[in-house]
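**Q** Take a look at the following structure, please.
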There are 2 protein chains.
Amino acid sequence: MGTTEITALVAELKERLGAKVTTSESARAIHGRDESVFPPQPPDVVVMAAAVDDVQEVVRLCNRYEVPLIPFGAGTSLEGHIHAVSGGVSLDMSAMDRVLRVSPEDLDCTIEPGVTRLALEKTLSRDGLFFPTDPGADATIGGMAATRASGTNAVRYGTIRDLVLSMKVVLSDGSLISTGGRARKSSAGYDLTRLFIGSEGTLGVIVELTLRLFGIPETIAAAVCSFPTVEDAVATVTAAIQLGIPMARIELLDTSAIKAVNAHAGLGNKETPTLFLEFHGSPAGVKDQAQRLAEIAADNNGAGLEWATNLSDRNHLWRARHQAYFAALALRPGSRALSTDVCVPISALAGCIHDATADLERSSLPSMIFGHVGDGNFHTIILVDPDDTVEMDEVRGLNQRLVERALDAGGTCTGEHGIGTGKIAYLEAELGPAVDVMRRIKAVLDPKNIMNPGKIFRL
Amino acid sequence: MGTTEITALVAELKERLGAKVTTSESARAIHGRDESVFPPQPPDVVVMAAAVDDVQEVVRLCNRYEVPLIPFGAGTSLEGHIHAVSGGVSLDMSAMDRVLRVSPEDLDCTIEPGVTRLALEKTLSRDGLFFPTDPGADATIGGMAATRASGTNAVRYGTIRDLVLSMKVVLSDGSLISTGGRARKSSAGYDLTRLFIGSEGTLGVIVELTLRLFGIPETIAAAVCSFPTVEDAVATVTAAIQLGIPMARIELLDTSAIKAVNAHAGLGNKETPTLFLEFHGSPAGVKDQAQRLAEIAADNNGAGLEWATNLSDRNHLWRARHQAYFAALALRPGSRALSTDVCVPISALAGCIHDATADLERSSLPSMIFGHVGDGNFHTIILVDPDDTVEMDEVRGLNQRLVERALDAGGTCTGEHGIGTGKIAYLEAELGPAVDVMRRIKAVLDPKNIMNPGKIFRL
């Protein structure tokens, strides 16, 4: 691809799609960076898709001119997923934001990929329904599917992998496929739905999703409990999961995170590892779950267990958890946050957090740890100046050692953020020859390597 | 492939693998048919694999001689999955039946693929654990993964798709890959675990599985409730799911099934549509679920609701459900059972069952209907003489119309049995151009088309 192809492509895009196409500096800048620490890499041109036809048109042209195409949702990814590493077209899906159908009886809906998490929440709440997957950011559902996102309630409801019934996808030749229908389960051929979930735009453009929904629980109870050690908190979680207590959310903030939140938001939480819990169900069911959890927490040195069921009290209790990310950013104003997301078997979780803490304490960079502890998934947030090469070397070293320890424990380098450009080497370390299988699938579905090239693996 | 290649392959197999290789008539016959109505198609040779090395050896030889290879578990598949449609090697995995590791703390285990469902249940029960996926037959776990099996409790625990954390697979060139580790969730690259689940041996041989486990519930309660109509029974299920009552099992037997069971097992169940339910949890949690369900059933004309919590009482209550398949076979001794398994959105379920009933009543063939109604998945069992071409034409017509109605409703032709040879045309009808994507993946991962050829799609 050279400037000649780009110039010709842009001219043809403008001819066919008119005002949906822009090469303005500001649009390119917005579409050239996500929430990662990596330097921006703007695309050559931005196209705002309004319908499936637009997507097919753009993909066909990119195919003809052999120019890269990068689907863009809300720009909230964390590993450089939407960076235009080889230039090309950023295909902004955010205007394809219609909720096409909601079926309360079937607990499912069909949406366009640009619907954001909070917009969907608002629409569904009118029917007393919700879609569980909740990464911190107000990402688009298409982007969440592309990165196999999850969040705080995966422990109860699964990740987005489990909650997409089927999709429509535009392939690299511009053709449109449907990966399935509305059945809750199917054994009909290869699981293409799951193949596209987590493919990070490298195999096709997701243009429609059919999602599994849930009724908003009759009762929601929140709880907070502090522990002398991370080991005690994790032991509580392990025991609760083994006993089958259906916790909807179970989040850990370690001492560094509680300190950061107290400082940032003027809270007075006890500065020890703390669990934030949520239970969903009937009034009697939630009460039973809460009692059982309280017994387990007490057995594991939990203290100061507090409960709340009405919304404002719940929000008050969970305030420290809600503030965690902002508290992290406030540790060093003006810096960027590197958020790691290893996931390990729960028996290895306390050890991995312990080792991460020790490693972070040797560093001069501000940091904190919190996580979706029911899944064995935790984040370290490290505040860094991306322009300082010494700091970036240090943060790469911290990340590398963290991932190595997670892989040694049988875990994964990424529980929910994806590979993007940032974890390509770690994917190789984790899966080795299996990455070649991914490359072969990529090669056969995108022979010209135009779909978000340079992500997940090197060809 | 001709007889020369087979002869040379068999000679080399015997040289390398000795007594694990047999061409005896009886072994070939056993490995040439599953539980479907399709005529047997025996392989040319059977190899009993004892270890991963054996599998790699056999695959490499099949690759060199370009001879088909068909992984074989327990032979309980229902759509001709293990039939040797082009001859070749049946690779029997049933001797690879070791449970390699059970980790109660992490609620996971690693096993060889030949472990059967009941053998696994027995081993896990020593640690108070269980693996939920329960197709009727005592299938191997490898076979269950290969067909994306589920069963009665998928409504609560998901299908095997949701419960395999990772696998080791031998590819068509004999190389071995691991699709992941032990993390509960991962966003690390393409979801190869899900790609191999449901691939029916056409992409590789599963040689190891890491499974997610659950603690055996403290309390298990069973219930039975009869309804005047299928609509009332389904309305009860819909309401219970919308309210988030976490039913572990919810099975429907229609009037034809209840009649068959009463006749076969001398039971006195009321001959109307009947729901069989099971609840898992703490004593208080189960009691709460049961009370809520009872209210919903009463609102929908349910009658004669009976409950039981101890094992023998539960088994007594569920006796009709447990006997359903045998009762179906007894409708016509000596015949074969064709078991369909469409799955539809639950709002379409009552209508689909109604239409299926009407269609079956016009047929002279004995039949019954039961299903995993919480998933929208139901079976019609039709008793047929496979050697009678008129009957086979009739049963094909019934199946075809059933599938067409399911697809019209947004459903799938197969909820849990898979495509095999029996549903190739239906897969095309269901997914159209997406089947080409499957073909391309097949072509790149198995360029010589040696891995269970002739299944899922025609190349």
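**Q** Considering only protein heavy atoms and a 1.4 Å probe, what is the carbon-and-sulfur percentage of the accessible area of the protein assembly as shown?
**A** Whole-percent figure for carbon plus sulfur exposure: 51.
**Q** For region A:219-325, what relative contact order do you get, as a whole percent, if you take Cα pairs closer than 8 Å and at least 6 residues apart?
**A** Relative contact order comes out at 46 percent.
**Q** I've got another one for you. Need one number: nm distance between label points at A:Thr389 and A:Thr3, each 7 Å from Cα along Cα→Cβ, rounded to one decimal.
**A** 2.8 nm
**Q** Then there's this: Averaged over peptide B:282-289, how many Cβ atoms belonging to another chain are found within 10 Å of each residue's Cβ?
**A** 6
**Q** Sticking with this one: Would you tell me the accessible area of A:Lys168, worked out with a 1.4 angstrom probe on the heavy atoms of the protein chains, in Å² to the nearest 10?
**A** My reading of the accessible area for A:Lys168 is about 70 Å².
**Q** Please give the charge dipole size of region B:99-215, origin at the Cα centre, charges +1 on K and R Cβ atoms and -1 on D and E Cβ atoms. Round to the nearest 20 debye.
**A** Numbers: 13 positive and 13 negative charges, 48 e Å.
The calculated dipole for region B:99-215 is roughly 240 debye.
**Q** Then there's this: Got a sec? What order do A:Arg101, B:Arg458 fall in by accessible area at 1.4 Å, biggest, i.e. largest, first? Before the final figure, lay out each step's value.
**A** Details: A:Arg101 65, B:Arg458 160 Å².
Ranked list, largest accessible area first: B:Arg458, A:Arg101.
**Q** A follow-up question, please. Over the whole of A:374-383, what's the average partner chain Cβ count within 10 Å per residue? Rounded to a whole number, please.
**A** Counting other chains' Cβ atoms within 10 Å and averaging over A:374-383 gives 1.
**Q** Can you list the residues of region A:386-430 that have at least 20 square angstrom less accessible area with all protein chains present than in their chain by itself, probe 1.4 Å?
**A** Listed by number, the residues meeting the 20 Å² cut-off are A:Gly410, A:Thr412, A:Thr414, A:Gly415.
**Q** First measure r as the distance between the Cβ atoms of B:Leu243 and B:Ser364, then evaluate 1/(1 + (r/R0)^6) with R0 = 45 Å and state the FRET efficiency to the nearest 0.05.
**A** 0.60
**Q** Something else now. So if R0 is 35 Å, what FRET efficiency would A:Arg64 and B:Asp408 give, r being the distance between their Cβ atoms, rounded to the nearest 0.05? The partial results should precede the final answer.
**A** Numbers: r = 37 Å, r/R0 = 1.07.
Between A:Arg64 and B:Asp408 the formula returns 0.40.
**Q** Relative to the longest principal axis of the C-alpha atoms of chain A, give the angle of the C-alpha long axis of helix A:434-445, reported between 0 and 90° and rounded to the nearest 10°.
**A** That helix lies at roughly 40 degrees to the long axis.
**Q** What average number of partner chain Cβ atoms lie no more than 10 Å from the Cβ of the residues making up A:434-444?
**A** Neighbouring Cβ atoms belonging to other protein chains average 6 per residue here.
**Q** Let me ask something additional. For region B:295-302, take each phi angle, set θ = phi - 60°, evaluate the Karplus expression 6.51 cos²θ - 1.76 cosθ + 1.60, and give the result in whole Hz per residue in order, putting x for glycine and proline.
**A** Those phi angles translate into 5, 5, 4, 4, 5, 10, 6, x Hz.
**Q** Which value in deg cm²/dmol, rounded to the nearest 500, describes the helix-derived mean residue ellipticity at 222 nm for the protein assembly as shown, given -39,500 (n - 2.57) per DSSP H run of n ≥ 4 and division by the residue count?
**A** Details: 36 runs with 350 residues, N = 918.
Helix contribution divided over all residues of the protein assembly as shown: -11000 deg cm²/dmol.
**Q** Accessible area of B:Ser178, 1.4 Å probe, to the nearest 10 Å²?
**A** Using a 1.4 Å probe on the heavy atoms, I get roughly 40 Å².
**Q** Rounded to the nearest 100 Å², what is the sum over both chains of accessible area buried where A meets B, with a probe of 1.4 Å?
**A** 6300 Å²
**Q** Using modelled backbone amide H atoms (1.01 Å from N, in-plane), which distant-in-sequence or interchain residues come within less than 5 Å of A:Gly281's amide H?
**A** A:Glu218, A:Thr219
**Q** Another question about this same structure. Rounded to whole Å and sorted largest first, what semi-axes of the equivalent ellipsoid does the C-alpha gyration tensor of region A:3-94 yield via the square root of 5 times each eigenvalue?
**A** Details: eigenvalues 85, 38, 25 Å².
Equivalent ellipsoid of region A:3-94: 21, 14, 11 Å, largest first.
**Q** If you don't mind, there's one more thing I want to ask. Which order do peptides B:294-306, A:361-373, B:79-91, A:137-149 fall in by mean Cβ count within 10 Å, highest first?
**A** A:137-149, B:79-91, A:361-373, B:294-306
**Q** Still on this structure, please answer the following. Which distances, in nm and shortest first, link the B:Val52 label point to the same label point in every other copy, taking 7 Å along Cα→Cβ?
**A** Spelled out, the distances from B:Val52's label point are 4.2 nm.
**Q** Largest first and in whole Å, give the semi-axes of the protein assembly as shown's equivalent ellipsoid, each being the square root of 5 times a Cα gyration tensor eigenvalue.
**A** Each semi-axis is √(5λ); the values are 43, 35, 28 Å.
**Q** Taking the full set of protein chains and a 1.4 angstrom probe, give the accessible area of A:Tyr325 in square angstrom, rounded to the nearest 10.
**A** Approximately 80 Å² of A:Tyr325 is accessible to the 1.4 Å probe.
**Q** Here's a follow-up. Separation between the B:Arg101 and B:Lys259 pseudo-spin-labels, each 7 Å from Cα along Cα→Cβ, expressed in nm?
**A** Here the modelled spin labels are 5.4 nm apart.
**Q** If you don't mind, there's one more thing I want to ask. How big is the gap, in Å, between the Cα center of region B:372-433 and the Cα center of region A:305-352?
**A** If you average the Cα positions of each part, the centres end up 49 Å apart.
**Q** For label points placed 7 Å from Cα toward Cβ, what is the shortest-first list of nm distances from A:Thr389 to its copies?
**A** Distances between equivalent label points, in nm: 8.1.
**Q** What distance in nm lies between label points placed 7 Å from Cα along the C-beta direction at B:Ser125 and A:Gln291?
**A** Result: 3.0 nm between the two label points.
**Q** Can you tally the net charge around A:Ser282? Count Lys and Arg as +1, Asp and Glu as -1, for every other residue whose Cβ sits under 13 Å from the Cβ of A:Ser282.
**A** That sum, taken over residues with Cβ under 13 Å, equals -1.
**Q** While we're looking at this one, here's another question. Taking 8 Å as the Cα distance limit and 6 or more residues as the minimum spacing, I'd like the relative contact order of region B:1-82 as a percentage.
**A** The normalised contact order for region B:1-82 reaches 37 percent.
**Q** Please report, for B:Glu295, the nm distances (one decimal) from its label point, 7 Å out from Cα along the beta-carbon direction, to the equivalent points in the remaining copies, shortest first.
**A** 2.5
**Q** Just add up the charged neighbours of B:Asp191: K/R +1, D/E -1, any other residue whose Cβ is under 13 Å from the Cβ of B:Asp191.
**A** Taking every Cβ under 13 Å from that of B:Asp191, the sum is +2.
**Q** Go ahead and run the numbers for FRET between B:Leu459 and A:Asn449, Cβ-Cβ distance against an R0 of 25 Å, rounding to 0.05. Don't jump to the answer; show the numbers that get you there.
**A** Values: r = 25 Å, r/R0 = 1.01.
Between B:Leu459 and A:Asn449 the formula returns 0.50.
**Q** With the contact rule set at Cα under 8 Å and sequence spacing of 6 or more, what percent relative contact order holds for chain A?
**A** Result for chain A is 16 percent.
**Q** For B:Phe130, B:Phe326, give me the order by solvent-accessible area with a 1.4 Å probe, most accessible first, ignoring ligands, DNA and RNA.
**A** Details: B:Phe130 35, B:Phe326 115 Å².
The ranking, largest first, comes out as B:Phe326, B:Phe130.
**Q** Suppose every Lys and Arg Cβ carries +1 and every Asp and Glu Cβ carries -1, with no other charges. What dipole size does chain A come out with about its Cα centre, to the nearest 20 debye?
**A** Using Cβ point charges on Lys, Arg, Asp and Glu, chain A gives about 760 debye.
**Q** How large is the dipole of region A:305-356 about the Cα centre if only Lys and Arg carry +1 and Asp and Glu carry -1, each at its Cβ, rounded to the nearest 20 debye?
**A** It comes to approximately 220 debye.
**Q** What does the charge add up to near B:Phe457, with Lys and Arg as +1, Asp and Glu as -1, over the other residues with Cβ less than 15 Å from its Cβ? Spell out each step's value before the answer.
**A** Details: positive: B:Lys423, B:Arg439, B:Arg440, B:Lys442, B:Lys455, B:Arg458; negative: A:Asp191, B:Glu79, B:Glu200, B:Glu428, B:Glu430, B:Asp436, B:Asp446.
Surrounding charge for B:Phe457 is -1.
**Q** Right, another one. For region A:61-76, just list the computed ³J(HN,Hα) in residue order, Karplus coefficients 6.51, -1.76 and 1.60, θ = phi - 60°, integers in Hz, with x standing in for Gly and Pro.
**A** 5, 4, 5, 5, 8, 6, 10, x, 10, 10, x, 10, x, 10, x, 9
The values are calculated or read from the model by the stated rules, or taken from the named source; none is laboratory data. Note that the structure is a prediction, hence the values are computed from the model and not measured. When we count neighbours, we look across all protein chains shown, and the Cβ atoms used for this are built from the backbone with ideal geometry, even at glycine. Each accessible area value is taken on the protein alone, full model and side chains, heavy atoms only, with ligands, DNA and RNA left out. Shrake-Rupley method; radii C 1.70, N 1.55, O 1.52, S 1.80 Å.
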